[in-house]
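> My structure is below; once you've seen it, I'll send some questions.
The values are calculated or read from the model by the stated rules, or taken from the named source; none is laboratory data. Computed from a predicted model, the values in this text were never measured in an experiment. For neighbour counting, all protein chains shown are included, and Cβ atoms are generated from backbone atoms with ideal geometry for every residue, glycine included.
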Amino acid sequence: MMDTQRVRGRAMQVGLGAVAVAALVGLPLFGIHRFHQWQERPVESVRIAGEVTVAGFERIGVVTVSPGDDLPEGLAYFAGPQPYPDPVAGVSVPSISLGAVDRVRAGAVEDIRIATGARPDRCSASVYFDPAPLSYGAGKEEVRAKLAAARSAGNLVILVRVRGCGI
């Protein structure tokens with residue numbers, strides 16, 4: 001009788017140990033999988049960025065950025081001739097009306113933000129003249145090369161950043 005209880009107790013310890021190991025290894029792996037799934041899913045911000053136009057400017061590329069836990073953002077880059085165009089009249093962002101900023105100031109990455117707009121659901125767009133070189137992860141080499149070529153040709157580079165939109 002004692003041996004049966006010992007065997008059951010030992011089996012219980014082994015079973016609990018196996019569950020603990022599975023939880024310690026499985027949950028982080030599942031969490032990483034879900035985190036990447038969250039970052040890489042298609043969202044409205046990226047779709048809208050792909051539909052942005054700037055009158056008289058050529059689209060260089062659209063980049064998706066995933067800043068931490070927030071929804072992915074869409075960055076649309078354009079290049080065109082100097083002088084500076086009117087950002088409110090020349091830039092068209094579907095479903096978001098733009099207005100000139102009250103005061104031109106440097107953005108988070110030393111860009112010059114000159115127009116912005118938002119919808120009631122907090123989906124917003126900002127327009128930047130002469131943005132800092134693209135500094136977001138691998139896989140963007142083609143856009144970086146086009147940005148460098150546009151700058152070396154003396155073209156003005158415009159960035160339209162769309163963020164905060166739903167799925």
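> All but one of (1) modelled with pLDDT under 75; (2) assigned to a strand (DSSP E or B) hold for Pro42; state the number of the condition that does not hold.
(2)
> Looking at (1) more than 24 Å from Arg144 (Cα to Cα); (2) at pLDDT below 80, can you tell me which one Ser97 breaks?
Failing condition for Ser97: (2).
> Only residues that are surrounded by fewer than 23 Cβ atoms within 10 Å (Cβ to Cβ) and charged (D, E, K, R): list them for the stretch 147-162, please.
Arg151
> Condition check: assigned by TED's automatic domain parsing to the domain that holds Ser152, farther than 17 Å from Pro133 by Cα, touching a Pro at 6+ places or on another chain (Cβ under 8 Å) and crowded, with 19+ Cβ neighbours inside 10 Å. Does Val54 satisfy that?
On the way: assigned by TED's automatic domain parsing to the domain that holds Ser152: yes; farther than 17 Å from Pro133 by Cα: yes; touching a Pro at 6+ places or on another chain (Cβ under 8 Å): yes; crowded, with 19+ Cβ neighbours inside 10 Å: yes.
Criteria met by Val54.
Yes or no, residue by residue, for (1) touching a Leu at 6+ places or on another chain (Cβ under 9 Å); (2) surrounded by 16 or more Cβ atoms within 10 Å (Cβ to Cβ); (3) at pLDDT 70 or above; (4) assigned to a helix (DSSP H, G or I):
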position: Leu29; (1), (2), (3), (4): no, no, no, yes
position: Gly50; (1), (2), (3), (4): no, no, yes, yes
position: Ala76; (1), (2), (3), (4): yes, yes, yes, no
position: Pro85; (1), (2), (3), (4): yes, yes, yes, no
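> Now for a different question. Check the stretch 111-129 and report whether any residue there is modelled with pLDDT of 80 or more, within 15 Å of Gly61 (Cβ to Cβ), of a type in the set (D, E, K, R) and surrounded by 18 or more Cβ atoms within 10 Å (Cβ to Cβ).
Checked the stretch 111-129: no residue is modelled with pLDDT of 80 or more, within 15 Å of Gly61 (Cβ to Cβ), of a type in the set (D, E, K, R) and surrounded by 18 or more Cβ atoms within 10 Å (Cβ to Cβ).
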